[in-house]
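J.: This is the structure, below, for whatever I ask next.
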Amino acid sequence: MTDSDGVPHDVRASLGQLLAEARAAAERGDADTARALLDTAETVATNKLPPGERRDRVRWGCATAADALPNGDLAAAYAAAAAARLPTD
């Protein structure tokens, strides 16, 4: 099923979970796990989100969060901002 913005619900759920887990990993100082989760989220966004501003911003947020590591607080904030770009129910 797809929402009105063309984002399948499973993609939205997967990205939301990846970004939440990346944020939590960054907050607890686990930079390696956070980076792996952010890389995966960026790949999912690239391959599964429809082209446009939302995809670009989610990808940018993932990349910026990864670049912010090992600063866990900053990386977590970028991951949260990327998650905020996902459609809500």
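The values are calculated or read from the model by the stated rules, or taken from the named source; none is laboratory data. Please read all numbers here as calculations on a predicted model, not as lab measurements. Note: ideal-geometry Cβ built from the backbone for every residue, glycine included; neighbour counts use all protein chains shown. The area values use the complete protein model at the heavy-atom level, side chains included, leaving out ligands, DNA and RNA. Shrake-Rupley method; radii C 1.70, N 1.55, O 1.52, S 1.80 Å.
J.: Scan (1) 3, 15, 29, 27, 19, 7, 1; (2) 3, 19, 30, 24, 14, 7, 3, 0; (3) 2, 11, 13, 18, 16, 12, 10, 7, 5, 3, 1, 0 for the value of P(r) over Cα pairs in 5 Å bins from 0, in percent calculated from this model and give just the label.
T.: Of the listed options (1) 3, 15, 29, 27, 19, 7, 1; (2) 3, 19, 30, 24, 14, 7, 3, 0; (3) 2, 11, 13, 18, 16, 12, 10, 7, 5, 3, 1, 0, (2) comes from this structure.
J.: With each pseudo-label sitting 7 Å past Cα toward Cβ, what's the N71-D10 distance in nm, one decimal?
T.: Spacing of the two 7 Å Cα→Cβ label points: 3.8 nm.
J.: Given the options P70, G16, T88, identify the residue whose Cα lies farthest towards the positive end of the charge dipole of the chain (+1 on Cβ of Lys, Arg; -1 on Cβ of Asp, Glu).
T.: Final value for the positive-end residue is T88.
J.: Sort D10, D67, D30, D39 by accessible area with a 1.4 Å probe, largest first.
T.: Values: D10 105, D67 125, D30 50, D39 75 Å².
Ranking D10, D67, D30, D39 by accessible area, largest first, yields D67, D10, D39, D30.
J.: Sticking with this one: Ignoring ligands and nucleic acids, what accessible area does V11 show with a 1.4 Å probe (Å², nearest 10)?
T.: It works out to around 10 Å².
J.: Sticking with this structure for a sec: What ranking of E42, E21, E27 comes out by heavy-atom accessible area, probe 1.4 Å, highest first?
T.: Numbers: E42 50, E21 80, E27 105 Å².
Ranking E42, E21, E27 by accessible area, largest first, yields E27, E21, E42.
J.: With a sphere of radius 13 Å drawn around the Cβ of L74, what net charge do the other residues whose Cβ falls strictly inside it have (Lys, Arg +1; Asp, Glu -1)?
T.: For residues surrounding L74, the net value is -2.
J.: Using only DSSP helix segments of four residues or longer, with each worth -39500 (n - 2.57), what per-residue ellipticity at 222 nm results for the chain after dividing by its residue count and rounding to 500? Provide the component values of the computation, followed by the final result.
T.: Values: 4 runs with 66 residues, N = 89.
Taken over the chain, the calculation gives -24500 deg cm²/dmol.
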